[in-house]
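Trainee: Would you mind keeping the following structure in view while I ask a few things?
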Amino acid sequence: MKDIDFAAPKTIAEAVALLSKHGDRAKLLAGGTDIIVQLREHRRDADVLVDIQRIPELNELTCDAKKGLTIGAAVPCYRIYENKEIVKLYPGLIDAASLIGGIQIQSRATLGGNLCNSSPAADSIPPMIALEGVCVIAGPSGTRELPVEKFCTAPGKNALGKGEFLVSLKFPPPKANSGASYLRFIPRNEMDIAVVGAGVSVVLDSNKSRCTAARVALAAVAPTPLLIPEAGAALVNTGLDAAAIDKAAALAKAAAKPISDMRGDAEYRRHLVAVLVKRALHSAIARARQN
Ligand SMILES: Cc1cc2nc3c(=O)[nH]c(=O)nc-3n(C[C@H](O)[C@H](O)[C@H](O)COP(=O)(O)OP(=O)(O)OC[C@H]3O[C@@H](n4cnc5c(N)ncnc54)[C@H](O)[C@@H]3O)c2cc1C
């Protein structure tokens, strides 16, 4: 590995200035579980690593049933799944935070890094989309917000412009009678990436019998994680019976555009989409009915 300068700004403004000055030659470091590996393997190159962990806003972790959830971009997964309020209010997010890598990885890895690495197979992105996550982005012109589903633009690429970086991820307060779930399929239990991932959320009416809103998102079946609005729409105004769930799963399967690779061929992945969407929906519905 070549020599790389290290910078540890303490404010958002300092970080923006460093990124604006060095452009593509600077890379951000959150937990480092992707970027260090990529630099070592010469898959990415940098002259400066900008460590964002000392910036207070990036370490924010606040969860409130009325105000919603804010996760700073430098907050590692373990802080998320050790937070009892988040476990209670956002179990769909916990599904992903607690399965990224193993315990060592979870002590460093962030959801912000998972998103900014912008892998089509990133585990946290489908549940963040299902939960209507919003990216708070800082840059030379100030701060802007972008829904998570619009963030990734191609494998390894995203909507961040020159000098911009992710400050935090915001989630609206959970709606009454709502539930979410994330499931992935991997060929072995640890240390591998998803062959398919499915994140879903449902909102039920006050009788907990009919669906009033739903979102379905997928990973590892297209160049970017996908929100599939037609799959969610197929569930609205139904009693979430088997026919409605089958229809949503079939629409998700039809929207998937997977490639064939060593982890599975395209047809296998399409089959898995339907299986995982159905299972994730059953889990989300059960959680919504428990609330
Ligand atoms: C052994 C192992 C197992 C893994 N298992 C999984 C798994 O099961 N599921 C999974 O999805 N991933 C897995 N990963 C990948 C990785 O751990 C995750 O993607 C993790 O969430 C990345 O977070 P990080 O904080 O370490 O990111 P970093 O490596 O610090 O950063 C990742 C990328 O995002 C950029 N970046 C980081 N923060 C910001 C920011 N705030 N603004 C703009 N850009 C930023 C960095 O420059 C870099 O390009 C695994 C990795 C390893 C090494």
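Trainee: Kindly provide the set of residues from segment 162-180 that are aromatic (F, W, Y) and within 11 Å of the ligand (Cβ to nearest atom), ordered by number.
Mentor: Hit for segment 162-180 is F165, nothing else.
Trainee: Considering only residues that are near the ligand (Cβ under 8 Å from one of its atoms) and in a loop (DSSP other than H, G, I, E, B), which ones fall in segment 110-134?
Mentor: S118, S119, A121, A122, D123, S124
Each row is one residue, and each column tells you yes or no for (1) within 24 Å of the chain's Cα centre (by Cα); (2) within 16 Å of C116 (Cβ to Cβ); (3) more than 12 Å from the ligand (Cβ to nearest atom); (4) assigned to a helix (DSSP H, G or I).
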{"residue": "D3", "(1), (2), (3), (4)": "no, no, yes, no"}
{"residue": "F6", "(1), (2), (3), (4)": "no, no, yes, no"}
{"residue": "E14", "(1), (2), (3), (4)": "no, no, yes, yes"}
{"residue": "G31", "(1), (2), (3), (4)": "yes, yes, no, no"}
{"residue": "V37", "(1), (2), (3), (4)": "yes, yes, no, yes"}
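Trainee: If you don't mind, there's one more thing I want to ask. Residue check, D192 against (1) near the ligand (Cβ under 8 Å from one of its atoms); (2) open to solvent by less than 30 Å² (accessible area, probe 1.4 Å), all met but one. Which one?
Mentor: (2)
Trainee: Could I ask something else about it? Can you name every residue in segment 17-29 that is within 11 Å of the ligand (Cβ to nearest atom) and either in contact with a Lys or Arg (Cβ under 7 Å, 6 or more places away or on another chain) or open to solvent by less than 40 Å² (accessible area, probe 1.4 Å) (or both)?
Mentor: L19, A26, K27, L29
Trainee: Taking the criterion of being in contact (Cβ under 8 Å) with a residue 12 or more places away in the chain, open to solvent by less than 40 Å² (accessible area, probe 1.4 Å) and more than 12 Å from N177 (Cα to Cα), would at least one residue in segment 202-213 satisfy it?
Mentor: Within segment 202-213 (the criterion being in contact (Cβ under 8 Å) with a residue 12 or more places away in the chain, open to solvent by less than 40 Å² (accessible area, probe 1.4 Å) and more than 12 Å from N177 (Cα to Cα)), the answer is no, since none of the residues qualifies.
Trainee: Now, a different point. Any residue at all in segment 79-99 that's within 11 Å of the ligand (Cβ to nearest atom), of a type in the set (G, A, S) and open to solvent by less than 10 Å² (accessible area, probe 1.4 Å)?
Mentor: Checked against the condition, which is being within 11 Å of the ligand (Cβ to nearest atom), of a type in the set (G, A, S) and open to solvent by less than 10 Å² (accessible area, probe 1.4 Å), segment 79-99 yields at least one hit.
Trainee: Go through segment 135-188 and count every residue that is over 18 Å from L111 (Cα atoms) and either of a type in the set (V, I, T) or in contact with a helix residue (DSSP H, G or I) (Cβ under 7 Å, 6 or more places away or on another chain) (or both).
Mentor: Of the residues in segment 135-188, 11 are over 18 Å from L111 (Cα atoms) and either of a type in the set (V, I, T) or in contact with a helix residue (DSSP H, G or I) (Cβ under 7 Å, 6 or more places away or on another chain) (or both).
Trainee: Within segment 62-78, work out how many residues are in contact (Cβ under 8 Å) with a residue 60 or more places away in the chain, within 22 Å of S181 (Cβ to Cβ) and surrounded by 24 or more Cβ atoms within 10 Å (Cβ to Cβ).
Mentor: 2
Trainee: Here is a follow-up. Of the conditions (1) more than 11 Å from the ligand (Cβ to nearest atom); (2) assigned to a loop (DSSP other than H, G, I, E, B); (3) open to solvent by less than 70 Å² (accessible area, probe 1.4 Å), L183 clears all except one; give me its number.
Mentor: (2)
Trainee: Another question about this same structure. Considering each of T238, T143 in turn, give the residue that is outside any strand (DSSP E or B), farther than 25 Å from E85 by Cα and of a type in the set (V, I, T).
Mentor: Within the list T238, T143, the selection yields T238.
Trainee: Could I ask something else about it? Which one is least open to solvent (accessible area, probe 1.4 Å) among residues in segment 135-161 that are away from the ligand (no atom under 12 Å from the Cβ) and touching a residue at least 24 places away in the same chain (Cβ under 8 Å)?
Mentor: V148
Trainee: Would you point out which residue out of D34, D5 is surrounded by 17 or more Cβ atoms within 10 Å (Cβ to Cβ), in contact (Cβ under 8 Å) with a residue 40 or more places away in the chain and among the charged types (D, E, K, R)?
Mentor: D34
The values are calculated or read from the model by the stated rules, or taken from the named source; none is laboratory data. Just so it is clear, the model here is predicted, and its values are computed rather than measured. FYI the Cβ positions are ideal-geometry reconstructions off the backbone, even for glycines, and counts take in every protein chain you see. Note: accessible area is taken over every heavy atom of the protein model, side chains too, but ligands, DNA and RNA are not part of it. Shrake-Rupley method; radii C 1.70, N 1.55, O 1.52, S 1.80 Å.
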